[in-house]
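Taken together, the values in this text are just the output of simple stated rules run on the coordinates, not laboratory data. Computed from a predicted model, the values in this text were never measured in an experiment. When we count neighbours, we look across all protein chains shown, and the Cβ atoms used for this are built from the backbone with ideal geometry, even at glycine.
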Amino acid sequence: MKMTDTLGQSQLEPGYNLQERLLLVLLLVSGVALLAGLAMMAHFLLPVDPRFQIGKLTDFSLLRPQRLNLQTNLSVYVVKLNDQIRVWDTLPITQPTCGRIQWVAANLRFEDPCTAGKWCLDGSVADPRIPGIHTLTEYPTTIEPDGTITISAFNKIVGRPLPTDLDIPTSPYWMPPDDIYYCRHITPDR
């Protein structure tokens, strides 16, 4: 109930002010609870960036790729090139893809047994005759001060297609230059 003072200004009864404050506190607590609930839902609904520690720098030998199976659907090759660590996805971007690329040590390159795609240790294409071939997909690495190498499965760099202006003969008898086909830009002594 409202009362007026001697100047005609309206004042609230003392009990009404308490009800108003209780309502304000109730609304504030409800708002905080709603925000907390939304934050928890976002935590469970948004994908988590899976990070994998794949080893230490000293675990990998120069020019000798090591295959690591990180999850059921994720395996990678870790390659040490001079002072760099490169991590390649084992699934090529070629159609059709029937399996994962393999390291063929005798040829010093990765090969796809289905499409005959070939890639050098640096992920570049060794045989551009394969229709739709891309460079290998890479996972950027983070190297901690203690030498531990970590990759993020969400931050992969998808392989790039070959430039469309390349004039690649379609004859089955044409072979790429030896420097490309045998990846001599990486292993010049071959």
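A few remarks follow.
- Placing a pseudo-label 7 Å from each Cα along the Cα-to-Cβ vector at ARG160 and LEU70 gives an inter-label distance of 2.2 nm.
- Once the chain from ARG100 to LEU62 is taken as fully extended at 0.36 nm per residue, the excess over their C-alpha distance is 11.4 nm.
- Equivalent ellipsoid of the stretch 51-93: semi-axes from √(5λ) of the C-alpha gyration tensor, largest first, are 18, 12, 8 Å.
- Checking every one of the chymotrypsin sites (Phe, Trp or Tyr not before Pro) in the stretch 50-85 against DSSP loop status and a limit of 15 other Cβ atoms within 10 Å picks out no site at all.
- Long-range amide H partners of ARG160 with built H, under 5 Å: THR135
- Distance between the pseudo-spin-label points of ASN107 and ARG21 (7 Å out from Cα toward the beta carbon): 8.2 nm.
- Rounded if a/c under 1.5, otherwise prolate or oblate - the stretch 88-181, Cα gyration tensor axes: prolate
- Of the peptides 28-37, 176-185, the order by per-residue mean of other Cβ atoms within 10 Å, starting with the highest, comes out as 176-185, 28-37.
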